[in-house]
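Report on the structure given below.
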Amino acid sequence: MVNKKVSKKVTRKFSKAEAKAPEEEKVTPSEEQKTAPSKSCVFCKSKTSPSYTDLEKIKKFITDRNRILPKMRSGLCAKHQRSLTRQIKYARHLALLPFTPKV
């Protein structure tokens, strides 16, 4: 004889609110990126523009491997990102900034 109690599945009844709650909480990664707060441009806030002579500010936008940070990570607007890139390259050309990291 087979025990009928073992073969039965235990089901729990949920209210409509409990059943819908897990579905609403799910957020896809692409939605998280869209809703992330945008950084405001440092140069727009201070009403200045990047300069090759101001190495302290320029170094904030360079990685430890001396690569220029992309716009999404630096938080700059397109206008100042282009200007910053030009100024970093000019500072490298004048040997104020290194092209490669020190080993």
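Taken over region 44-65, the criterion of being polar (S, T, N, Q) and over 19 Å from the mean Cα position of the chain (by Cα) is satisfied by S46, T48, S49, S51, T53. A single member of H93, H80 is over 16 Å from the mean Cα position of the chain (by Cα) and closer than 16 Å to F43 by Cβ, and it is H80.
For Q87, the conditions (1) at pLDDT below 95; (2) in contact with a Phe, Trp or Tyr (Cβ under 9 Å, 6 or more places away or on another chain) are fulfilled apart from (1).
The values are calculated or read from the model by the stated rules, or taken from the named source; none is laboratory data. Quick caveat, the model's predicted, so the values are computed rather than measured. A quick note on method: Cβ atoms are made from the backbone with ideal geometry, for glycine too, and the neighbour counts reach across all protein chains shown.
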